[in-house]
Amino acid sequence: MKQESTMTSVHSQLLETLEELGSGDLEKFKHVLLYTKMKEGLPKIPKDQVETADKDEIVKLMVEIYGQRCVEVTKDILERMNRTDLIKCLAQGHIGHVAQLGIKPLTFRLRGDDSTS
């Protein structure tokens, strides 16, 4: 039951994040979503479902198919879109939910940065 309410909260946070995207950015998000799935070897969301989905449907599909990794996938897509503003908002809104789900925050290293912090 707790897992279900946590995923509902994650759904709400992801939907709020996608609401910040204009129609052009939403189309780019969908395109990157399709590309990212295949690249990372994650389960595939059928292309026809993504192409016709609105923001709420995209979030539902991502939560259903990616489960706990949906926040990670969303952050990766937003990073590829250079929407670091939304990554920061998403991270702040998910601080508690991410910990509850056992999702490790994404860390980014610059190429050539061999330091381990």
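Values quoted throughout were computed directly from the atomic coordinates according to the rules given, and no laboratory measurement underlies them. Predicted model only: the values in this text are computed from it and were never measured. Every residue, glycine as well, gets a Cβ built from its backbone with ideal geometry; the counts of neighbours run over all protein chains shown.
Odds and ends about this structure:
- Annotation: peptides 45-51, 13-19, ranked by per-residue average of other Cβ atoms within 10 Å with the highest first, follow the order 13-19, 45-51.
- Packing, taken as the mean count of other beta carbons within 10 Å per residue, orders the peptides 67-76, 53-62, 82-91 from highest to lowest as 67-76, 53-62, 82-91.
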